[in-house]
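First comes the structure, then the notes that go with it.
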Amino acid sequence: MSGKGFRNPAVELDWASRLAGEVAFLRHKIPWLEHRESSDWDLAVRDHERTVKVTGSILGDPLLTVSRVYVEQRYYPWGQVDFLPSFEWNGYVYLDSERFWSRVALGEDGLPRPCVAHDALIAWLTGLLTGGTYQPRYDRLLQEAWAVDQRELRDCLRWAFGEDLAGEMALLLERKNPGEAVLLVPDLRSMLKWRSVLRSPAEVLERVVRHWFCELSHHWKPPFPWLALLGPDGVGKSTVIAGVDELLKPSRLKTLLVHWRPKMAGHEPADAVVVTDPHGRSARGFLSSTLALVLLWVRWMIGRVGRTWHQRAKQKIMVSDRYYPDLLVDPRRYLYGGSLRLARWVFRALPKPDLTIILLADPEVILARKEEVPREELIRQLTVYRALAEELPNDVVTLDAGRSVSEVREEVARILMEHLFRVR
């Protein structure tokens, strides 16, 4: 595999040459359109099976592949590549594929690109239809399309939304204010559905069913994994997590940090506060501890069907800084005064991470970093963590966190990438 992948122009050109007439680069290397170091590659593909075969021979296997009806996301160590087999929203096509491919041509650099009208239309409608948003950085692209290919842009808008809405969209382009189209989003979605059904009801029904079946499958079994980091205070979990997030940036793999338990609502304050005396308060009684376990189970079930699982279905690796087994190791930290046997039983009913990494180190190293519990208690916790590594389900790895932070975070990132590669 090329270490730089598509970041090497020669690799881009070789790939495009082998797939001549079958692929097109969208919004690619336009001089006045910002192309960040972390930008991804949006690629229209005509023959998905052949494209995947050629891509594998040039780039090798990705770390992670997430397949949806309208896009296949492929994450490599050097970046993200998106294959678009069609141009649709929730199963409703907004740009006819044959029309698109009839206007694809080679640029001066030898890379195939769509006509500017189609390029601008896809950039405009993707944000509007999917999220009801608009990115001002596309202003000049739309102005260019309106100036040099106005007729094609008008015709595409009419095909998708009908004469009246196309006229309103055209007026926004005339006024150089395409961002106001966010106000038309409900009407755009409704008209796109209606016109799609009238055009081809059986095909639309099949597309919509396939789309929602795929999305429900991803929510039932999220394609983005869940990583949990465990270990005593002072072992460096938070620092390692921040470093791993930075190391993953080139791949465009994003993370969702969950501290101890998921939030039940987006506005709920985070639990990640600095704890300087984890054993400073008295534990709850048996009854209140049992009720706390029930509440924790409820939180995880709501999190599973809500925010955390949705994020994992869509775009993010979930990273837990501490997780339920910490309670089994150090119940006093969580004010738990109930039965450990009951706590273990509840743990069996909770969702489990795909990969757990337990950070351990010599007691003297940890105490030199952060002295929050007595040496004897720290030794006890380290012993229990080592025993826990033999009991936890799924992939479990123990790491020596006594090394430098950079070494540990690179090792954690490597283990995570190997996990992705192994289960892709």
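The values are calculated or read from the model by the stated rules, or taken from the named source; none is laboratory data. Predicted model, so just to flag it, every value in this text is computed and none were measured. Glycine gets a Cβ as well: all are built from the backbone with ideal geometry, and neighbour counts include every protein chain shown. Just so you know, the surface numbers come from the protein's heavy atoms only, side chains and all, with ligands and any DNA or RNA stripped out. Shrake-Rupley method; radii C 1.70, N 1.55, O 1.52, S 1.80 Å.
Conditions tested, residue by residue: (1) touching a residue at least 60 places away in the same chain (Cβ under 8 Å); (2) over 24 Å from HIS279 (Cα atoms); (3) touching a strand residue (DSSP E or B) at 6+ places or on another chain (Cβ under 6 Å).
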| residue | (1), (2), (3) |
| --- | --- |
| VAL365 | no, no, no |
| GLU371 | yes, no, no |
| GLU390 | no, yes, no |
| VAL408 | yes, yes, no |
| ILE415 | yes, yes, yes |
| VAL423 | yes, yes, no |
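Of the residues making up the range 122-149, those that are of a type in the set (D, E, K, R) and either over 23 Å from GLU88 (Cβ atoms) or out of contact with any Cys (no Cβ under 8 Å at 6 or more places or on another chain) (or both) are ARG137, ASP139, ARG140, GLU144. Do we have any residue at all in the range 136-155 that's at pLDDT 95 or above, on the phi > 0 side of the Ramachandran plot and open to solvent by less than 60 Å² (accessible area, probe 1.4 Å)? Among the residues of the range 136-155, not one is at pLDDT 95 or above, on the phi > 0 side of the Ramachandran plot and open to solvent by less than 60 Å² (accessible area, probe 1.4 Å), which makes the answer no. Quick one: is SER39 at pLDDT below 95, of a type in the set (S, T, N, Q) and in contact with a strand residue (DSSP E or B) (Cβ under 9 Å, 6 or more places away or on another chain)? Criteria met by SER39. Here the range 267-288 is the region considered, the condition is being modelled with pLDDT under 85 and of a type in the set (D, E, K, R), and the residue that is most open to solvent (accessible area, probe 1.4 Å) is ARG281. When ARG304, ARG341 are checked against the criterion of being more than 32 Å from the chain's Cα centre (by Cα) and either surrounded by fewer than 16 Cβ atoms within 10 Å (Cβ to Cβ) or in contact (Cβ under 8 Å) with a residue 12 or more places away in the chain (or both), a single residue qualifies: ARG341.
Checked against (1) without any contact (Cβ under 8 Å) to a residue 40 or more places away in the chain; (2) surrounded by fewer than 18 Cβ atoms within 10 Å (Cβ to Cβ), GLY132 passes all but condition (1).
When GLU215 is tested against (1) charged (D, E, K, R); (2) under 30 Å from LEU355 (Cβ atoms); (3) surrounded by fewer than 14 Cβ atoms within 10 Å (Cβ to Cβ), exactly one condition is not met: (3).
Can you find a residue in the range 172-189 that is without any contact (Cβ under 8 Å) to a residue 12 or more places away in the chain and either open to solvent by less than 10 Å² (accessible area, probe 1.4 Å) or within 24 Å of ARG422 (Cα to Cα) (or both)? Within the range 172-189, none of the residues are without any contact (Cβ under 8 Å) to a residue 12 or more places away in the chain and either open to solvent by less than 10 Å² (accessible area, probe 1.4 Å) or within 24 Å of ARG422 (Cα to Cα) (or both). When the test is whether a residue is open to solvent by 10 Å² or more (accessible area, probe 1.4 Å), among the hydroxyl-bearing types (Ser, Thr, Tyr) and closer than 30 Å to VAL329 by Cβ, SER200 does not pass it.
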